[in-house]
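The structure appears right after this line, and notes come after that.
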Amino acid sequence: MMSKIAIIGGGNLGSAIAEGLLSSGFTTPDNLYVTRRNTSLLEGLKAKGVHVLSDNQKASASADYIILAIKPFQVSEIIHEISPVLEGNRHTLISVVTGVWIQDLVELTAGKLPIVRAMPNTAIAIQESMTCTCMHKVTETQQKFVTDLFNQLGKTVEIDEKLMDAATVLGACGTAFAMRYIRANIQGGVEIGFNAKVAAVIAAQTVKGAADLLLQHHTHPEQEIDKVTTPKGCTIAGLNEMEHRGLSSSIIRGITTSYKKIVEKM
Ligand SMILES: NC(=O)C1=CN([C@@H]2O[C@H](COP(=O)(O)OP(=O)(O)OC[C@H]3O[C@@H](n4cnc5c(N)ncnc54)[C@H](OP(=O)(O)O)[C@@H]3O)[C@@H](O)[C@H]2O)C=CC1
Ligand SMILES: O=C(O)[C@@H]1CCC=N1
(Lines give C-alpha, C1' and ligand atoms only; values in the text may rest on other atoms or scores of the structure.)
(Ligands and ions follow the chains in the order given, each with its own letter.)
Protein backbone atom coordinates (compact mmCIF):
# COMPACT_ATOMS: atom_id res chain seq x y z
CA MET A 1 0.00 0.00 0.00
CA MET A 2 1.24 3.48 -0.87
CA SER A 3 2.38 5.61 2.11
CA LYS A 4 0.21 8.62 2.82
CA ILE A 5 1.64 12.12 3.02
CA ALA A 6 0.21 15.14 4.87
CA ILE A 7 1.45 18.64 4.14
CA ILE A 8 0.62 20.94 7.04
CA GLY A 9 0.63 24.47 5.61
CA GLY A 10 -0.28 24.57 1.92
CA GLY A 11 1.32 27.96 1.22
CA ASN A 12 4.00 28.86 -1.32
CA LEU A 13 6.30 25.97 -0.47
CA GLY A 14 3.69 23.45 0.78
CA SER A 15 1.63 23.78 -2.41
CA ALA A 16 4.75 23.59 -4.56
CA ILE A 17 5.68 20.31 -2.83
CA ALA A 18 2.16 18.98 -3.42
CA GLU A 19 2.32 19.92 -7.11
CA GLY A 20 5.71 18.24 -7.48
CA LEU A 21 4.61 15.07 -5.68
CA LEU A 22 1.65 14.76 -8.03
CA SER A 23 3.36 15.67 -11.30
CA SER A 24 6.29 13.31 -10.58
CA GLY A 25 3.84 10.50 -9.87
CA PHE A 26 5.54 9.92 -6.50
CA THR A 27 2.10 9.92 -4.93
CA THR A 28 -1.51 10.00 -6.03
CA PRO A 29 -4.09 12.63 -5.03
CA ASP A 30 -5.91 10.12 -2.84
CA ASN A 31 -2.76 9.57 -0.76
CA LEU A 32 -2.08 13.27 -0.26
CA TYR A 33 -3.53 15.59 2.42
CA VAL A 34 -2.87 19.33 2.39
CA THR A 35 -4.00 21.74 5.11
CA ARG A 36 -4.30 25.47 5.57
CA ARG A 37 -6.86 27.64 7.36
CA ASN A 38 -8.08 29.30 4.19
CA THR A 39 -8.77 26.18 2.13
CA SER A 40 -10.43 28.19 -0.65
CA LEU A 41 -6.89 28.99 -1.81
CA LEU A 42 -6.27 25.28 -2.48
CA GLU A 43 -9.08 24.77 -4.99
CA GLY A 44 -6.59 23.69 -7.69
CA LEU A 45 -5.30 20.80 -5.57
CA LYS A 46 -8.82 19.90 -4.49
CA ALA A 47 -9.91 19.72 -8.12
CA LYS A 48 -7.13 17.18 -8.72
CA GLY A 49 -8.57 14.98 -5.97
CA VAL A 50 -6.16 15.88 -3.15
CA HIS A 51 -7.68 15.86 0.36
CA VAL A 52 -7.78 19.56 1.20
CA LEU A 53 -8.73 20.43 4.78
CA SER A 54 -8.08 22.79 7.66
CA ASP A 55 -8.02 20.06 10.31
CA ASN A 56 -4.33 19.39 11.02
CA GLN A 57 -5.11 16.55 13.42
CA LYS A 58 -7.24 14.72 10.88
CA ALA A 59 -4.61 15.15 8.13
CA SER A 60 -1.82 13.96 10.45
CA ALA A 61 -3.82 11.00 11.69
CA SER A 62 -4.43 9.95 8.07
CA ALA A 63 -0.76 10.11 7.07
CA ASP A 64 2.49 8.22 7.56
CA TYR A 65 4.74 11.14 6.60
CA ILE A 66 3.89 14.62 7.87
CA ILE A 67 5.55 17.56 6.12
CA LEU A 68 5.51 20.75 8.20
CA ALA A 69 5.50 23.76 5.86
CA ILE A 70 4.31 26.49 8.19
CA LYS A 71 6.05 29.64 9.43
CA PRO A 72 8.72 29.16 12.14
CA PHE A 73 6.67 30.90 14.85
CA GLN A 74 3.78 28.44 14.32
CA VAL A 75 5.75 25.24 14.80
CA SER A 76 5.29 24.91 18.53
CA GLU A 77 1.52 25.59 18.43
CA ILE A 78 0.89 23.22 15.51
CA ILE A 79 2.96 20.34 16.89
CA HIS A 80 1.08 20.79 20.15
CA GLU A 81 -2.19 20.61 18.18
CA ILE A 82 -1.31 17.38 16.33
CA SER A 83 0.53 15.72 19.25
CA PRO A 84 -2.44 13.62 20.41
CA VAL A 85 -2.53 11.74 17.08
CA LEU A 86 1.24 11.29 16.60
CA GLU A 87 2.45 7.69 16.85
CA GLY A 88 6.15 6.89 17.17
CA ASN A 89 5.89 3.61 15.29
CA ARG A 90 3.91 5.12 12.41
CA HIS A 91 4.72 8.77 11.76
CA THR A 92 7.80 10.47 10.37
CA LEU A 93 7.97 14.24 10.75
CA ILE A 94 9.60 16.16 7.90
CA SER A 95 10.16 19.85 8.60
CA VAL A 96 10.99 22.35 5.88
CA VAL A 97 10.73 25.21 8.34
CA THR A 98 13.63 27.65 8.38
CA GLY A 99 15.70 27.96 11.53
CA VAL A 100 13.93 25.26 13.57
CA TRP A 101 16.47 22.64 14.68
CA ILE A 102 16.04 18.89 15.02
CA GLN A 103 16.62 19.25 18.76
CA ASP A 104 13.68 21.73 18.94
CA LEU A 105 11.49 19.23 17.08
CA VAL A 106 12.63 16.33 19.29
CA GLU A 107 11.66 18.34 22.37
CA LEU A 108 8.30 19.40 20.92
CA THR A 109 7.44 15.78 20.02
CA ALA A 110 8.78 14.37 23.33
CA GLY A 111 11.37 12.40 21.35
CA LYS A 112 8.81 9.91 20.06
CA LEU A 113 9.14 10.53 16.29
CA PRO A 114 11.78 10.04 13.61
CA ILE A 115 12.59 13.50 12.30
CA VAL A 116 13.85 14.83 8.99
CA ARG A 117 14.87 18.41 8.32
CA ALA A 118 14.73 19.30 4.65
CA MET A 119 15.45 22.52 2.84
CA PRO A 120 13.98 22.51 -0.69
CA ASN A 121 13.17 25.48 -2.90
CA THR A 122 10.07 26.48 -4.85
CA ALA A 123 11.31 24.77 -8.03
CA ILE A 124 10.10 21.62 -6.26
CA ALA A 125 6.78 22.34 -8.04
CA ILE A 126 8.43 21.38 -11.35
CA GLN A 127 10.72 18.65 -9.96
CA GLU A 128 13.80 20.91 -10.17
CA SER A 129 14.43 21.62 -6.49
CA MET A 130 17.78 21.60 -4.77
CA THR A 131 16.97 19.94 -1.47
CA CYS A 132 19.37 19.55 1.46
CA THR A 133 18.35 17.02 4.12
CA CYS A 134 19.44 15.72 7.48
CA MET A 135 17.77 12.91 9.38
CA HIS A 136 17.36 11.86 13.00
CA LYS A 137 16.42 8.39 14.24
CA VAL A 138 14.91 7.27 10.94
CA THR A 139 14.70 3.61 9.94
CA GLU A 140 16.23 2.44 6.68
CA THR A 141 12.75 2.35 5.12
CA GLN A 142 11.95 5.89 6.24
CA GLN A 143 15.33 7.17 5.04
CA LYS A 144 14.78 5.53 1.65
CA PHE A 145 11.25 6.92 1.36
CA VAL A 146 12.33 10.48 2.15
CA THR A 147 15.38 10.30 -0.12
CA ASP A 148 13.29 8.88 -2.97
CA LEU A 149 10.67 11.56 -2.38
CA PHE A 150 13.10 14.46 -2.69
CA ASN A 151 15.09 12.78 -5.50
CA GLN A 152 11.87 12.66 -7.53
CA LEU A 153 11.57 16.39 -7.00
CA GLY A 154 15.05 17.49 -8.06
CA LYS A 155 18.54 16.99 -6.64
CA THR A 156 19.14 15.99 -3.03
CA VAL A 157 22.22 16.30 -0.84
CA GLU A 158 22.43 15.01 2.72
CA ILE A 159 24.29 17.54 4.89
CA ASP A 160 25.35 18.11 8.50
CA GLU A 161 22.62 19.95 10.33
CA LYS A 162 25.07 22.71 11.22
CA LEU A 163 25.04 23.67 7.52
CA MET A 164 21.24 23.90 7.31
CA ASP A 165 21.14 27.71 7.65
CA ALA A 166 23.75 28.01 4.91
CA ALA A 167 21.71 25.58 2.77
CA THR A 168 18.66 27.76 3.29
CA VAL A 169 20.46 30.82 1.93
CA LEU A 170 22.25 29.19 -1.00
CA GLY A 171 19.52 26.77 -2.05
CA ALA A 172 16.19 28.28 -1.01
CA CYS A 173 16.76 32.05 -0.96
CA GLY A 174 18.94 31.38 -4.01
CA THR A 175 15.83 31.00 -6.17
CA ALA A 176 14.93 34.63 -5.46
CA PHE A 177 18.50 35.79 -6.01
CA ALA A 178 18.60 34.07 -9.41
CA MET A 179 15.23 35.61 -10.34
CA ARG A 180 16.56 39.11 -9.65
CA TYR A 181 19.60 38.42 -11.87
CA ILE A 182 17.26 37.27 -14.63
CA ARG A 183 15.00 40.27 -14.15
CA ALA A 184 17.95 42.63 -14.52
CA ASN A 185 18.81 40.86 -17.78
CA ILE A 186 15.27 41.44 -19.01
CA GLN A 187 15.49 45.13 -18.12
CA GLY A 188 18.81 45.40 -19.96
CA GLY A 189 17.42 43.41 -22.88
CA VAL A 190 14.52 45.81 -23.29
CA GLU A 191 16.89 48.76 -23.23
CA ILE A 192 18.88 47.26 -26.13
CA GLY A 193 15.82 46.51 -28.25
CA PHE A 194 13.82 43.41 -27.30
CA ASN A 195 10.25 43.50 -26.12
CA ALA A 196 9.87 42.25 -22.56
CA LYS A 197 8.35 38.91 -23.54
CA VAL A 198 11.17 37.93 -25.90
CA ALA A 199 13.81 39.31 -23.50
CA ALA A 200 12.34 37.15 -20.71
CA VAL A 201 12.62 33.95 -22.75
CA ILE A 202 16.17 34.75 -23.86
CA ALA A 203 17.26 35.64 -20.31
CA ALA A 204 15.71 32.61 -18.61
CA GLN A 205 16.84 30.03 -21.19
CA THR A 206 20.36 31.49 -21.23
CA VAL A 207 20.64 31.18 -17.44
CA LYS A 208 19.19 27.65 -17.56
CA GLY A 209 21.69 26.64 -20.26
CA ALA A 210 24.59 28.15 -18.29
CA ALA A 211 23.58 26.22 -15.16
CA ASP A 212 23.19 22.99 -17.14
CA LEU A 213 26.68 23.43 -18.65
CA LEU A 214 28.15 23.42 -15.14
CA LEU A 215 26.01 20.51 -13.95
CA GLN A 216 26.73 18.39 -17.03
CA HIS A 217 30.39 19.30 -17.69
CA HIS A 218 31.33 19.52 -13.99
CA THR A 219 33.41 22.55 -14.92
CA HIS A 220 34.23 25.72 -12.97
CA PRO A 221 32.29 28.81 -14.12
CA GLU A 222 35.54 30.54 -15.16
CA GLN A 223 36.30 27.69 -17.62
CA GLU A 224 32.93 28.27 -19.27
CA ILE A 225 33.44 32.05 -19.19
CA ASP A 226 36.80 31.65 -20.99
CA LYS A 227 34.94 29.94 -23.85
CA VAL A 228 32.69 32.97 -24.28
CA THR A 229 35.07 35.90 -23.87
CA THR A 230 36.66 36.79 -27.21
CA PRO A 231 39.83 38.90 -26.69
CA LYS A 232 38.92 42.59 -26.97
CA GLY A 233 35.31 41.44 -27.42
CA CYS A 234 32.01 42.60 -26.04
CA THR A 235 31.61 39.86 -23.37
CA ILE A 236 34.73 40.74 -21.41
CA ALA A 237 33.91 44.44 -21.72
CA GLY A 238 30.45 43.89 -20.21
CA LEU A 239 31.69 41.44 -17.59
CA ASN A 240 34.44 43.74 -16.37
CA GLU A 241 32.03 46.67 -16.16
CA MET A 242 29.68 44.50 -14.05
CA GLU A 243 32.57 43.62 -11.74
CA HIS A 244 33.71 47.28 -11.51
CA ARG A 245 30.15 47.96 -10.36
CA GLY A 246 30.40 45.23 -7.72
CA LEU A 247 28.43 42.30 -9.18
CA SER A 248 30.23 39.45 -7.37
CA SER A 249 30.77 41.55 -4.28
CA SER A 250 27.10 42.47 -3.99
CA ILE A 251 26.02 38.84 -4.37
CA ILE A 252 28.48 37.66 -1.72
CA ARG A 253 27.36 40.46 0.62
CA GLY A 254 23.71 39.55 -0.03
CA ILE A 255 24.36 35.90 0.80
CA THR A 256 26.21 36.70 4.02
CA THR A 257 23.51 39.21 5.06
CA SER A 258 20.79 36.58 4.51
CA TYR A 259 22.84 34.11 6.55
CA LYS A 260 23.27 36.58 9.41
CA LYS A 261 19.52 37.16 9.41
CA ILE A 262 18.84 33.44 9.93
CA VAL A 263 21.58 32.94 12.49
CA GLU A 264 20.30 35.93 14.46
CA LYS A 265 16.99 34.01 14.62
CA MET A 266 15.09 36.05 12.01
N1 LIG B 1 8.99 29.82 0.22
C2 LIG B 1 10.18 29.26 0.08
O3 LIG B 1 10.85 29.37 -0.95
C4 LIG B 1 10.74 28.42 1.19
C5 LIG B 1 10.16 28.40 2.44
N6 LIG B 1 10.72 27.63 3.43
C7 LIG B 1 10.08 27.57 4.73
O8 LIG B 1 8.83 26.93 4.55
C9 LIG B 1 7.87 27.44 5.47
C10 LIG B 1 6.66 27.93 4.70
O11 LIG B 1 7.05 29.00 3.87
P12 LIG B 1 6.09 29.60 2.76
O13 LIG B 1 5.40 28.48 2.07
O14 LIG B 1 6.88 30.53 1.98
O15 LIG B 1 5.05 30.37 3.68
P16 LIG B 1 3.49 30.63 3.40
O17 LIG B 1 3.07 31.69 4.34
O18 LIG B 1 3.25 30.80 1.96
O19 LIG B 1 2.84 29.24 3.84
C20 LIG B 1 2.50 28.92 5.15
C21 LIG B 1 1.12 28.35 5.09
O22 LIG B 1 0.74 27.88 6.37
C23 LIG B 1 -0.67 28.02 6.45
N24 LIG B 1 -1.05 28.01 7.86
C25 LIG B 1 -0.95 28.99 8.78
N26 LIG B 1 -1.45 28.59 9.95
C27 LIG B 1 -1.87 27.32 9.77
C28 LIG B 1 -2.49 26.39 10.61
N29 LIG B 1 -2.77 26.66 11.90
N30 LIG B 1 -2.78 25.17 10.11
C31 LIG B 1 -2.49 24.87 8.81
N32 LIG B 1 -1.91 25.73 7.96
C33 LIG B 1 -1.61 26.94 8.44
C34 LIG B 1 -0.96 29.35 5.79
O35 LIG B 1 -2.25 29.39 5.21
P36 LIG B 1 -3.52 29.95 6.00
O37 LIG B 1 -3.16 31.33 6.46
O38 LIG B 1 -4.61 29.88 5.00
O39 LIG B 1 -3.69 29.01 7.14
C40 LIG B 1 0.07 29.37 4.67
O41 LIG B 1 -0.50 28.95 3.46
C42 LIG B 1 8.56 28.56 6.23
O43 LIG B 1 8.99 28.04 7.48
C44 LIG B 1 9.74 28.92 5.36
O45 LIG B 1 10.82 29.38 6.11
C46 LIG B 1 11.80 26.83 3.20
C47 LIG B 1 12.39 26.81 1.98
C48 LIG B 1 11.93 27.61 0.88
O1 LIG C 1 12.77 34.08 3.22
C2 LIG C 1 12.65 33.16 4.04
O3 LIG C 1 12.79 33.40 5.24
C4 LIG C 1 12.35 31.75 3.61
C5 LIG C 1 13.49 30.84 3.87
C6 LIG C 1 13.98 30.36 2.55
C7 LIG C 1 13.08 30.94 1.61
N8 LIG C 1 12.17 31.67 2.19
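Among the residues making up segment 81-126, those that are open to solvent by less than 30 Å² (accessible area, probe 1.4 Å) and among the polar types (S, T, N, Q) are Thr92, Ser95, Thr109, Asn121. For segment 205-217, the criterion of being of a type outside the set (D, E, K, R), farther than 21 Å from Ser129 by Cβ and surrounded by 11 or more Cβ atoms within 10 Å (Cβ to Cβ) is satisfied by at least one residue. Of the residues Leu105, Leu113, the single one that is outside any helix (DSSP H, G or I) and touching a Leu at 6+ places or on another chain (Cβ under 9 Å) is Leu113. The set of residues in segment 241-266 being in contact (Cβ under 8 Å) with a residue 60 or more places away in the chain and of a type in the set (A, V, I, L, M) consists of Ile251, Ile255, Ile262, Val263, Met266. You will find that of Gly154, Gly193, the residue that is of a type outside the set (Val, Ile, Thr) and outside the structural domain of Gly10 (by TED's automatic domain parsing) is Gly193 and no other. Here is the figure for segment 219-245: residues that are surrounded by 13 or more Cβ atoms within 10 Å (Cβ to Cβ) and either in contact with a Leu (Cβ under 9 Å, 6 or more places away or on another chain) or not in a helix (DSSP H, G or I) (or both) total 5. Looking across segment 175-197, the residues that are within 16 Å of ligand 1 (Cβ to nearest atom) and either open to solvent by 40 Å² or more (accessible area, probe 1.4 Å) or in contact with a Lys or Arg (Cβ under 8 Å, 6 or more places away or on another chain) (or both) come down to Ala176, Phe177, Ala178, Met179, Arg180.
So that you can scan it fast, the table gives a plain yes or no per residue for (1) touching an Asp or Glu at 6+ places or on another chain (Cβ under 8 Å); (2) in contact (Cβ under 8 Å) with a residue 24 or more places away in the chain; (3) of a type in the set (A, V, I, L, M, F, W, C); (4) over 18 Å from Asp212 (Cα atoms):
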residue	(1), (2), (3), (4)
Glu161	no, yes, no, yes
Leu170	no, yes, yes, no
Ala176	no, no, yes, yes
Arg180	no, no, no, yes
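Exactly one residue out of Leu45, Leu13 is farther than 30 Å from Ala166 by Cα, within 14 Å of ligand 1 (Cβ to nearest atom) and surrounded by 19 or more Cβ atoms within 10 Å (Cβ to Cβ): that is Leu45. Please go through segment 128-174 and give me each residue that is hydroxyl-bearing (Ser, Thr, Tyr) and either within 12 Å of ligand 1 (Cβ to nearest atom) or farther than 24 Å from Asn31 by Cα (or both), ordered by number. Ser129, Thr131, Thr168 - these are the residues of segment 128-174 that are hydroxyl-bearing (Ser, Thr, Tyr) and either within 12 Å of ligand 1 (Cβ to nearest atom) or farther than 24 Å from Asn31 by Cα (or both).
Note on segment 51-73: among residues that are under 21 Å from the mean Cα position of the chain (by Cα) and β-branched (Val, Ile, Thr), the one that is farthest from Pro120 (Cα to Cα) is Ile66. Being of a type in the set (A, V, I, L, M), touching a residue at least 60 places away in the same chain (Cβ under 8 Å), more than 16 Å from ligand 2 (Cβ to nearest atom) and under 24 Å from Leu153 (Cα atoms) holds for only one residue in Ile82, Ile8, and it is Ile8.
Arg253 - would you say it is more than 24 Å from Gly14 (Cα to Cα), among the basic types (Lys, Arg) and exposed (fewer than 13 other Cβ atoms within 10 Å of the Cβ)? Spelling it out, Arg253 is indeed more than 24 Å from Gly14 (Cα to Cα), among the basic types (Lys, Arg) and exposed (fewer than 13 other Cβ atoms within 10 Å of the Cβ).
Taking segment 16-40 as the range and being touching a helix residue (DSSP H, G or I) at 6+ places or on another chain (Cβ under 8 Å), assigned to a helix (DSSP H, G or I) and away from ligand 1 (no atom under 12 Å from the Cβ) as the test, the residues that pass are Glu19, Gly20, Leu21, Leu22, Ser23, Pro29.
The values are calculated or read from the model by the stated rules, or taken from the named source; none is laboratory data. Worth saying up front: this structure is predicted, and the values here are computed from it rather than measured. Every residue, glycine as well, gets a Cβ built from its backbone with ideal geometry; the counts of neighbours run over all protein chains shown. Accessible surface is based on the protein model in full, side chains and every heavy atom, while ligands, DNA and RNA are left aside. Shrake-Rupley method; radii C 1.70, N 1.55, O 1.52, S 1.80 Å.
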